[in-house]
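Below you'll find the structure, written out as structure tokens, and then a few comments.
The values are calculated or read from the model by the stated rules, or taken from the named source; none is laboratory data. Since the structure is predicted, the reported quantities are computational estimates derived from the model, not experimental observations. Cβ placement follows ideal geometry from the backbone for every residue including glycine, while neighbour counts extend to all protein chains displayed.
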Amino acid sequence: MKLRNAFKIAGLATSILFSSLSFASSVNLGENDVAIHGYDPVAYFVKSMPVEGKAMYTATHDGAIYRFSSEKNRDMFKASPEKYAPQFGGYCAMGVALNKKLDVDPAAFLIKDDKLFLNLNAAVQKKWMEDVPGNLKTAYRVWDGIEALSVEETNAED
């Protein structure tokens with residue numbers, strides 16, 4: 001009986017641990033763990049525009065499910081996911097520079113130095129574009145400190 005209770009407690013502790021870990025994702029996950037709101041990360045590079053992916057073409061990377069508009073794009077991603085996955089786990093690049101993990105609008109993007117950067121919306125992207133090199137320098141420095149934090153931890157009121 002004691003052994004059974006010990007296993008129940010261990011199982012409960014494991015469940016709590018894994019449920020708390022899911023909130024501290026280094027990747028911006030949407031519904032059903034889909035990244036970039038279902039947009040094709042390869043299309044940003046190939047077509048220079050956001051293109052919605054299809055559920056029939058998917059690949060996983062860093063715990064996120066990416067959707068693609070074609071089998072070819074999916075295969076390109078699988079061959080080199082680090083090349084196509086958005087920077088900062090798909091969180092808003094300007095938000096990261098401001099020490100926050102914010103969601104993104106797939107239409108607010110920039111390809112810079114062969115990397116994909118996303119922003120919260122067009123207004124935030126406009127601010128980001130005022131000093132891309134400076135904002136990138138700050139964002140890369142800040143990301144090391146907030147990557148493992150939950151959205152709630154980075155966005156709490158000071």
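So here's what we get for this one:
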{"read-out": "Complete set of residues in the stretch 113-154 that are surrounded by fewer than 14 Cβ atoms within 10 Å (Cβ to Cβ) and either in a strand (DSSP E or B) or not small (Gly, Ala, Ser) (or both)", "value": "Asp113, Asp114, Lys126, Met129, Glu130, Asp131, Pro133, Lys137, Arg141, Asp144, Glu152, Glu153"}
{"read-out": "Among the candidates Ala108, Ala55, Ala59, residue that is outside any loop (DSSP other than H, G, I, E, B), closer than 24 Å to Thr138 by Cβ and modelled with pLDDT of 90 or more", "value": "Ala108"}
{"read-out": "Boolean, Met94 is within 29 Å of Glu153 (Cβ to Cβ), at pLDDT 95 or above and in contact with a Lys or Arg (Cβ under 9 Å, 6 or more places away or on another chain)", "value": "yes"}
{"read-out": "Conditions (1) surrounded by fewer than 20 Cβ atoms within 10 Å (Cβ to Cβ); (2) more than 29 Å from Glu153 (Cβ to Cβ); (3) at pLDDT 95 or above; (4) not hydroxyl-bearing (Ser, Thr, Tyr); number of the one not met by Lys100", "value": "(2)"}
{"read-out": "Only one of Lys101, Lys83 that is within 21 Å of Ile65 (Cβ to Cβ), in a helix (DSSP H, G or I) and touching a residue at least 24 places away in the same chain (Cβ under 8 Å)", "value": "Lys83"}
{"read-out": "Subset tally (residues that are within 14 Å of the chain's Cα centre (by Cα) and among the small types (Gly, Ala, Ser)) for the stretch 61-107", "value": "7"}
{"read-out": "Residue count for the stretch 72-97, restricted to those that are crowded, with 19+ Cβ neighbours inside 10 Å and of a type in the set (D, E, K, R)", "value": "1"}
{"read-out": "In the stretch 62-71, the residues that are surrounded by 15 or more Cβ atoms within 10 Å (Cβ to Cβ), of a type outside the set (D, E, K, R) and assigned to a loop (DSSP other than H, G, I, E, B)", "value": "Ser69, Ser70"}
{"read-out": "Flag if Asn5 is at pLDDT below 95 and within 28 Å of Asn121 (Cβ to Cβ)", "value": "no"}
